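Here's the structure we're looking at; comments come further down.
Each reported figure results from applying straightforward, stated rules to the coordinates on display, with no laboratory input. In this text the structure is predicted, and so the values were computed from the model without any measurement. Because the Cβ atoms are built from the backbone with ideal geometry, glycine has one as well, and the counts that use them run over all protein chains shown.
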Ligand SMILES: NC(=O)c1ccc[n+]([C@@H]2O[C@H](COP(=O)([O-])OP(=O)(O)OC[C@H]3O[C@@H](n4cnc5c(N)ncnc54)[C@H](OP(=O)(O)O)[C@@H]3O)[C@@H](O)[C@H]2O)c1
């Protein structure tokens, strides 16, 4: 928890305008991303320590996309680290129209995975518009939250049971995702947009052998310092998104 007053903002991309004494690996005009959480990026000028930021190649992608590196990294790690997925497998995710969700869907298309995108209920024209956009990105199915997602997939004759569920909503939405999973496959909680803790029925633990995991990018970065810095610095799959 930050003490007020503070500058908000975790994400962003900056240009080095001046380096102080002792700075080894950064020079003026370098592009940098925040490496440390809560640096306060909602400002135009800041003084930060070299170890709290990381250099990225300026020609990797447009500045707007570089500022979304956090979301791209989350999407990549979620697909890479869980579920041992192979082409043809299905992945189900809620908050699918979020930035992270859009990245997951596009990565799924590149990896030949089938993305089942779950979005909040909205009126028909808005649903059609959002579903069209997500399908254009690569989603195989787009479903509305509420009721049984498993029943909706059966109704649509979509029988490839997901091998991975990605939950950014919590509450009843988590259990609805879990219901669709193949037995023993993981559900990864990486956000809680509803503000309600995920709820699972005891049958999901005992009969489906539900495996619930948690993911947090900052913890991953702390545990994988070398990989994390290399990830942003190399033209990786994420650079091709959008
Ligand atoms: N674990 C990590 O390291 C990590 C890192 C980055 C982000 N995240 C998480 O990833 C998720 C997406 O982040 P983002 O920046 O990509 O989000 P975003 O682009 O701001 O989109 C927000 C999404 O949340 C949905 N949403 C908002 N309130 C909701 C509610 N009460 N119930 C259900 N859905 C709701 C929105 O749906 P509508 O369009 O219907 O409003 C939208 O899909 C967040 O939960 C965030 O905390 C986690």
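Some notes on this structure:
- Share, in percent, of DSSP beta bridges within segment 27-141 that are antiparallel, nearest 5: 40 percent
- Our helix-only sum for the chain, with -39,500 (n - 2.57) per DSSP H run of n ≥ 4 divided by its residues, gives a mean residue ellipticity at 222 nm of -9500 deg cm²/dmol.
- Cα shape, segment 88-161, gyration tensor, a/c 1.5 rule: oblate
- Average Cα contact separation per residue, segment 147-228, under 8 Å, 6 or more apart, as relative contact order %: 28 percent
- With neighbour counts taken as other beta-carbon atoms within 10 Å, the residues 51, 161 rank, fewest first, as 51, 161.
- Three principal axis lengths of segment 25-112 [C-alpha, angstrom, descending]: 46, 23, 21
- For the chain, the fraction of alpha-carbon pairs in successive 10 Å shells from zero, as %: 7, 29, 32, 20, 10, 2, 0
- Each principal axis of the Cα cloud of segment 143-220 was evaluated for its coordinate range; sorted largest first, these ranges are 39, 24, 22 Å.
- Computed over the alpha carbons of segment 108-242, Rg followed by Dmax gives 16.4, 47 Å.
- Amide N of segment 56-74 lying under 16 Å from the label point, which is placed 7 angstrom from the Cα of residue 10 along Cα→Cβ: 67-74
- Against the main long axis of the alpha-carbon atoms of the chain, helix 124-137 sits at an angle near 60°.
- The chain: antiparallel DSSP beta bridges as a percent of all, rounded to 5: 25 percent
- Contact order, relative form, for the chain: 16 percent (alpha carbon pairs under 8 Å, 6 or more residues apart, mean separation divided by residue count).
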